[in-house]
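Below is one structure; the comments refer to it alone.
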Amino acid sequence: SPDLPSCDSRIYCQGKLLEVVQEADIFADSKSFVDQRMLFDQDVILENFEKFLETTNENPTKNDVLSFVKQNFAEGNELENWSLPDYHDDPSFLQKIHNESLRNFASKLVKIWPTLARKIKPEVFQNNDRYSIIPIPNGFVVPGGRFKETYYWDSYWIIKGLLISEMPESAKSMIDNFLYLVEHFGFVPNGARVYYLNRSQPPLLTGMARLLVDATNDLSWLKQHISLLEKELNFFLENRLIELQVDGKIYKMAHYATGSGSPRPESFNQDVQTCAPLMDTDRIKTCYASLKSAAESGWDFSYRWVFDENGGNNANRTFIQTERVVPVDLNSILASAFKNLAYFHEKLGNVEENNYWLLKFLEMREAIHKVLFNEDRGVWFDYDVKLGKPRQLFYPTNIAPLWAEIYDPASAQILGRRAAEYLLEEGIMEFYGGTPSSLNNTGEQWDYPSAWAPPQSFVIQGLRKSGDDKAQEFSRILAKRWIYANMVGFEETGEMFEKYDAEHPGKNGGGGEYIVQTGFGWTNGVALETIVDFFSC
Ligand SMILES: OC[C@H]1O[C@H](O[C@H]2O[C@H](CO)[C@@H](O)[C@H](O)[C@H]2O)[C@H](O)[C@@H](O)[C@@H]1O
């Protein structure tokens, strides 16, 4: 229902206090307020707030709100550094990199991990009601900057990087946190904050488990946790599937859909401003829910989720309709998760379960082929549920099935070749700073010219895995460019960025609703993955 609140908290997720504080705009970044800790119990603060409204005649000034916040809240200060249990600064892959400057760069990347490692302080466990952070039991590696907590899909590439850096214990610790979240909430939230409890993110938990199992072959860990991995996928199967009729056949495919029709607490004002032009209360609620669904996709924001009257994207963020899109990447990730579960059950000797998930994988693979694959262009397009047709716009996710290997293996090379031709036709090989998220320059952070790490991995790895000569040649070129951009940026600023600029190698990306962040978990993970796969022997 659109009336579902962001979460239960009457401080961090709903109610007048949140509205008044966020609308007073007292912090440079609106996430700052919802990351603060309460100095008193919730009921006391709510009582203080009632009195505060009375004494200010329900019309407090910005300064009034600031002093109210100072009297009732303080910096969250919930985290302390985590000493990574298996960290060492000379993992063996470094010796396999011939190029000296690349080896030095990779070695510096490894040394960033300890600077991003955190755990929750003991006082948070004792007094959890006073914090927005969800107290997860183990240490974790964060993305960086304003992203101080653990994030769902970021962690897939962080874990990849940790495993390359020979840290399986640290990787397991992070996955165990996500399993803890599934156990408690039935799904993995966007990030470990109560205000993220209304949405998930791309379902990569099973993918993380696959990375761990392949690295450690720890079957007793797998046996212990496989039912929680299934539970997480069932969340998507039960809550995110829609039926589509294509060529007389019904297919069940996934979309992002949170159904919580209120502004994101951490970006309250932005959402109020985005949806206000719609005037009508129901349409405003639908707009809020769609913004949250876009945040669930990880692509917040992009005009990939925006619709004009004709089904194009010649509109703006107000006209967001995320639920109307059947995204290529989400369905590929789910299909891959089904395949992983089948593989896990096979390893554990569970014949029936292996068949069950294998069948799910094959059904989804067929749906992806029949509904999303475009014979003319040779790639997969997002599908517009309302108009019942593909959205033929460029996104790097258009070749995500190659990354997830959701095809009949006999077609791998031809699909790789066609994807390479498509990239050429779209002019993608002309960007020296990375593959942009789209070709629309909208000012949103997941549109042109931003180049983010996960889509680089989709494209570079997808082309590589296809086995086609041309696709592999392109993948080497793109890998070289991406690593060069990362290195140049790092040499010039000493930072790894959350996103880059496709037009200017090494320059940080921009746009969106907060300033570019550094650290940066997934960028480091994808850089290490790319270096290992392309520049080491
Ligand atoms: O506060 C705005 C949004 O911030 C997050 O999104 C961005 O950072 C995440 C962490 O690196 C990343 O997972 C996501 O893809 C980025 O767009 C947050 O996840 C959003 O929910 C939030 O609205």
Exercise for review: Six or more apart or on different chains, Cβ under 6 Å: which pairs go from a residue in the stretch 495-519 that's away from the ligand (no atom under 11 Å from the Cβ) to one that's β-branched (Val, Ile, Thr) and at pLDDT below 95? Could you list them?
Suggested key: none
Study note, to complete from the structure: Being more than 30 Å from Ser220 (Cβ to Cβ), surrounded by 21 or more Cβ atoms within 10 Å (Cβ to Cβ) and among the acidic types (Asp, Glu) narrows Asp382, Asp376, Asp408 down to just Asp382
Practice item. Report yes if some residue within the stretch 196-219 is closer than 30 Å to Gln42 by Cβ, surrounded by 22 or more Cβ atoms within 10 Å (Cβ to Cβ), away from the ligand (no atom under 16 Å from the Cβ) and not hydrophobic (A, V, I, L, M, F, W, C); otherwise report no. Key: no
Review point. Residues of the stretch 101-119 being part of a helix (DSSP H, G or I) and among the basic types (Lys, Arg), which ones?
Key: Arg103, Lys108, Lys111
Check your understanding: Is there any pair with a first residue in the stretch 264-279 that is in contact (Cβ under 8 Å) with a residue 24 or more places away in the chain and under 16 Å from Arg146 (Cβ atoms) and a second that is among the aliphatic types (A, V, I, L, M) and near the ligand (Cβ under 9 Å from one of its atoms) whose Cβ atoms are under 7 Å apart and which are 6 or more apart or on different chains, and what are they?
Key -> Arg264/Leu291; Arg264/Ala295
Practice item. Working carefully through the options Ile136, Ile159, find the one that is away from the ligand (no atom under 15 Å from the Cβ) and buried (at least 18 other Cβ atoms within 10 Å of the Cβ). Key: Ile136
Study note, to complete from the structure: Residues in the stretch 236-291 that are assigned to a helix (DSSP H, G or I), aromatic (Phe, Trp, Tyr) and either more than 16 Å from the ligand (Cβ to nearest atom) or closer than 27 Å to Pro390 by Cα (or both) total 2
Check your understanding: Of the conditions (1) within 22 Å of Arg210 (Cα to Cα); (2) aliphatic (A, V, I, L, M); (3) over 23 Å from the mean Cα position of the chain (by Cα), Leu402 fails just one. Which one is it?
Key -> (3)
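Can you tell me which of Leu84, Leu102, Leu109 is at pLDDT 95 or above, out of contact with any Phe, Trp or Tyr (no Cβ under 8 Å at 6 or more places or on another chain) and not polar (S, T, N, Q)?
Leu109
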Exercise for review: Keeping to the stretch 292-321, report how many residues are crowded, with 19+ Cβ neighbours inside 10 Å, of a type in the set (Ser, Thr, Tyr) and away from the ligand (no atom under 12 Å from the Cβ).
Suggested key: 1
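The values are calculated or read from the model by the stated rules, or taken from the named source; none is laboratory data. Everything numeric here is computed off the predicted structure, so don't read it as measured data. Here the Cβ is made from the backbone with ideal geometry for all residues, glycine too, and neighbour counts use every protein chain on show.
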